[in-house]
Structure formats: C-alpha cells, structure tokens
Amino acid sequence: MKRIAITRRVSPNIARCELTHLGREPIDLARAEGQHDDYVAALRTLGCAVTELPAEASLPDSVFVEDTAVVLDELAIIARPGAESRRPETASIAAALTPYRRCVAIQGPETLDGGDVLVVDRDVFIGLSSRTTAGAVEQVRAMLAPLGYQVHALQVADCLHLKSAVGRVGPSTLLLNPTLVDPGLFGDRTIITVDPAEPSGGCALLIGETVIYPAEFVLTRARLDDAGILTLSVALSELAKAEAGVTCCSLVFSG
Ligand code: GLY
C-alpha cells in the first residue's frame, strides 16, 4: 500500500493570512517557501508519494491543507473551514482526493477545520474551537458511527486547533500540552507532556514510526528521544508566524 501526501505550495499572499491567537509579524516569503520545500522533502524521506498543488494567490492560508479535509480509510470528509476566507480552499482538495476516496462534505452553516480532528485508530477526537461547531461534530458522528468510529467532542481554548495542543507520536502515545487540553480525555493512552517552556510543542506529525517535529522545540524533542520515539526535525518558523504547525501543511493517507 502506498503512502500519499497532498500539499500545496505557499501562497504569495501568505502575509494576509488569518490570525486568531498571534499578532501579525512580517513573513519572509522566500524563507517560508524554502522551509516548505524542506517539509515536503521530509515527507518524501518518510516514503510519501507527494502531490504538490500549485500556489493559490487569492487564498493566503491555502498552504495549510490539513484544515480542508479529514481522510480516513473509508472516506474523506471535506471540511467547511470556520474562517470564511478559507472556504474556497476545499474545492481543489476534494478534486485531488476524489481518485482515492469517496468524499462527503460538511454542510453549512456548521463549520469544521481539519486541524481540530485527531484520529487515533477508531477514536476520532474533535476540538470545539473558534473554527469548529458542535453541529459539525454531530455531522461527523452521523457519517462515522456506521463505520465503527467513536467520535468525541473536546473543548479547546487558548490555541487555534485541537492539533495545536495534541499530536499522536506512537501507536498509543500522545504528545500534549496539559494547559491546553485535558490529558484525561484520551483514555488509557500514554501521555508525554510538552516542556512548559514550549507551549506550542504538542503539534507533531506521525508518519509510520517517525514523528516530523519542529526543530525549535528542542526541550520537548528531548522528551520524545527519552521515550524512544524517532523524530525528523523540520524548521517551519516562518509558517509558524501564520499560526501553523507541522500537521497543517499536509494530508497524509494510505493510497
Ligand atoms: N492562519 C491559519 C488559520 O488561521 O487558519
């Protein structure tokens, strides 16, 4: 079975991105593009066949493809992003996913960002954030219950998305910031907490047995090392100014 990744090149207008919890800082486009190239190279190193969609000048946040869909083995849920400026991002993603999956769309007025959806085996954790509504969680539950998934709604505060706070780093291991999300919500899974000096360190992208992890969070990476978890560091500091983490820039699934 092939491992597929869908990415999209950085918009030349990323400086006009949505911001919720961060102040606006200048973004060096060439540096952001270079870091994104390195991220795509890391996906390839980990065995992904990468489909890179072209940059979209009119869609500043469109490099963050994770928010546009949730890809499961059985189907793809096409999101309806909470930020109105991001809704036109989904059409091209649905077209890219159609060869691989049946696509089912979230219906308005409800909204869902893929960054709020953490799938761990048959458990689907969905953050109720400023982007994702309880009604969208109910739509996902109706889609997935017949397929044997359990859908859990979680409150998310003080960060953009659920996956800003928690990431899967092993078959049954999660990395999280306990000040942003309650560790008790994830059953009997092993929890590794971020170093308190790195509150954004919970965002991690597990591919196979390796975690793509931000280069700047060295203290939390040492905790992953101590737990025997393999990491591949990437620098995404320019895209982080647009309120992004390592999961945001790809949709990874089995082809
Ligand atoms: N800038 C990423 C987002 O707000 O969706």
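Every number in this text was worked out from the coordinates using simple rules, so none of it is lab data. These numbers come from a predicted model, not from an experiment. As a convention, Cβ positions derive from the backbone with ideal geometry for all residues, glycine included, and neighbour counts pool all protein chains shown.
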- Fewest to most Cβ atoms within 10 Å: ILE191, ILE207 sort as ILE191, ILE207
- At 20 °C and 1.002 mPa s, the Stokes-Einstein diffusion coefficient in µm²/s for the range 141-255, with hydrodynamic radius from the Kirkwood sum on alpha carbon pairs, is 145
- Task: May I ask for the distance between the Cα centers of the range 79-124 and the range 170-202, given as a whole number of Å?
- Result: 24
- Task: Assuming R0 = 25 Å, can you tell me the calculated FRET efficiency for the pair THR45 and SER254, based on Cβ-Cβ distance, to the nearest 0.05?
- Result: 0.90
- Task: Counting helices only, and only those DSSP H runs with n ≥ 4, report the 222 nm mean residue ellipticity of the chain as the sum of -39,500 (n - 2.57) divided by its residues, in deg cm²/dmol to the nearest 500.
- Result: -6000 deg cm²/dmol
- If the chain between ASP123 and SER85 were fully stretched, how many nm would it gain, using 0.36 nm times the residue separation less the Cα-Cα distance? 10.7 nm
- Message: Could you compute the net charge surrounding ASP37? Neighbours are other residues with a C-beta less than 15 Å from the C-beta of ASP37; K and R count +1, D and E count -1.
- Response: -1
- Message: Please list, in order, the residues from the range 84-123 whose amide nitrogen is less than 14 Å from a point placed 7 Å along the Cα→Cβ vector of SER58.
- Response: 85-92
- Computed over all unlike Cα pairs, the Kirkwood hydrodynamic radius of the range 36-82 in Å stands at 12.6
- Protection proxy ranking, peptides 162-173, 45-56, average beta carbon neighbours within 10 Å, highest first: 162-173, 45-56
- Message: At 7 Å along Cα-to-Cβ for each site, give me the label-to-label distance between GLN107 and GLN150 in nm.
- Response: 2.8
- Task: Counting only C-alpha contacts under 8 Å and six or more residues apart, can you give the relative contact order of the chain as a whole percent?
- Result: 23
- Compute the length gained on full extension between ASP182 and GLU74: take 0.36 nm times their separation in residues and subtract their Cα-Cα distance, giving the result in nm to one decimal. 36.0 nm
- What is the Cα centroid distance between the range 135-154 and the range 1-27, reported in whole angstrom? 27
- Item | Beta bridges by DSSP in the range 1-135, antiparallel share as percent, to the nearest 5 | 45
- Query: Does the range 1-111 classify as rounded, prolate or oblate by the C-alpha gyration tensor (a ≥ b ≥ c root eigenvalues; a/c under 1.5 gives rounded; else a/b over b/c gives prolate, otherwise oblate)?
  - Reply: oblate
- Alpha-carbon radius of gyration plus Dmax, which is the widest Cα pair, for the range 66-167 in Å: 12.4, 37
- For the chain, percent of DSSP beta bridges that are antiparallel (nearest 5) comes out at 45
- Can you tell me the equivalent ellipsoid semi-axes for the chain? Use √(5λ) from the Cα gyration tensor, largest first, whole Å. 23, 23, 19
